[in-house]
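The values are calculated or read from the model by the stated rules, or taken from the named source; none is laboratory data. Just so you know, these numbers come straight off a predicted model, no measurement behind them. All Cβ positions, glycine included, derive from the backbone under ideal geometry; neighbour counts span all protein chains shown.
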Amino acid sequence: MNHPYLDIHPEVATALSENKPVVALESTIISHGMPYPQNAETALKVEQVVRDHGAIPATIAIIAGRLKVGLSKDDIDYIAKEGHKVVKVSRRDFAFIVAQKVNGATTVASTMMIANMAGIKVFATGGIGGVHRGAENSLDISADLQELAKTSVNVVCAGIKSILDLGLTLEYLETHGVPVIGYKTKMLPAFYSIESDFEVDYRLDTPEEISEVIKVRSELGIEGGMVIANPIESKYSMPSKVINKAIEQALREMDEAGVKGKASTPFLLAKVAELTDGNSLASNIELVLGNARLSAQIARSI
Ligand code: PSU
Ligand code: MN
């Protein structure tokens, strides 16, 4: 699709025009989700996994105000090194970063917006934003959820991270008509861990079944995306006791430090990694790779 602000990488543009499978990837996970150099290494590995499974990767970011769909290795390395110096861009921030012609790392919400402009239907990430614990007071609810309600891009993630309130996130998604599919599972995966106390709406066992629902939704004219929850491979899953203990402490430290708003998720991810001696980061990397694989398979099946 042509748009005055959009720069689609030639390889991605060719794939889209030939109806070949393309998988969108976000950039906040690079700048704010992981430390350097693991962030750059993971971003490149994720692209390779998408290729190995027969699709073209399109990592999305805003560079000097241009909406980039498909980044070069240098672009990825730049965002990875700059880290928090790159602005974390959600729907609210989007137009400002473009107007000011600066760099922005796209969250799930803004990556969906740009993927949709480019005509990409499948998007792989680690975790989506959600309803934060304590949201009944803070009202901290990620813009990712509203984006899923209105933008027709399907997001493969590792379930709902337990730094969030899983139950409230599921309720919010239901209210806004966003289905949560469990890939080969009826239990909602909790990001670092395959298990939680919640269930997904529908269990589907093959990429073909998922792409069939994507097709039917589109034919029915149902707007919005779906959450495809793909559990982390069990050998990398962290015991929920261990991870939840780290999360509880990270939440306490966040309160003490007075961190809130868009700084919350990056703070919690880094703190949990520190408290688990890097084990959560290792799991985080593996689950993203798993999501890249499933996304490529779904994109091919569409
Ligand atoms: N969860 C992760 N890693 C991440 C994010 C979430 O495990 O990097 C990022 C994604 O870009 C997501 C964003 O869209 O955090 C959500 O931030 P917020 O809650 O401020 O909307
Ligand atoms: Mn928030």
Kindly indicate whether any position in segment 158-172 is in contact (Cβ under 8 Å) with a residue 24 or more places away in the chain and under 27 Å from D7 (Cα atoms).
no
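If I ask for residues that are assigned to a helix (DSSP H, G or I) and surrounded by fewer than 21 Cβ atoms within 10 Å (Cβ to Cβ), which ones from segment 263-288 would you list?
A263, S264, P266, F267, A270, E274, L275, N279, A282, I285, E286 - these are the residues of segment 263-288 that are assigned to a helix (DSSP H, G or I) and surrounded by fewer than 21 Cβ atoms within 10 Å (Cβ to Cβ).
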Do any helices (runs of 4 or more DSSP H) lying entirely in segment 1-113 carry at least 1 residues that are within 15 Å of ligand 1 (Cβ to nearest atom), touching a residue at least 12 places away in the same chain (Cβ under 8 Å) and buried (at least 24 other Cβ atoms within 10 Å of the Cβ), and which ones are they?
28-31, 38-52, 73-82
Return the pair list, or none, for Cβ contacts closer than 8 Å from residues in segment 253-267 that are among the charged types (D, E, K, R) to residues that are within 11 Å of ligand 2 (Cβ to nearest atom), at least 6 apart or on different chains.
K260/S138; K260/D140; K262/K88; K262/S90
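Do any helices (runs of 4 or more DSSP H) entirely within segment 123-198 hold 2 or more residues that are at pLDDT below 95 and either within 14 Å of ligand 1 (Cβ to nearest atom) or over 19 Å from A270 (Cα atoms) (or both), and if so, which? Let's see the steps before the verdict.
Working: elements: 135-138, 143-150, 166-175.
So the answer is 135-138.
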Exactly one of these conditions fails for V213: (1) more than 21 Å from S301 (Cβ to Cβ); (2) more than 19 Å from the chain's Cα centre (by Cα); (3) not charged (D, E, K, R). Give me its number.
(1)
Which members of segment 77-104 meet the condition of being in contact with a Leu (Cβ under 9 Å, 6 or more places away or on another chain) and among the β-branched types (V, I, T)?
I79, V98
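Just to be sure before I move on: is Y202 among the aromatic types (F, W, Y) and either over 23 Å from T265 (Cα atoms) or at pLDDT below 95 (or both) in the structure I sent?
yes
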Of all residues in segment 249-276 being of a type in the set (D, E) and modelled with pLDDT of 95 or more, which is farthest from A124 (Cα to Cα)?
E256
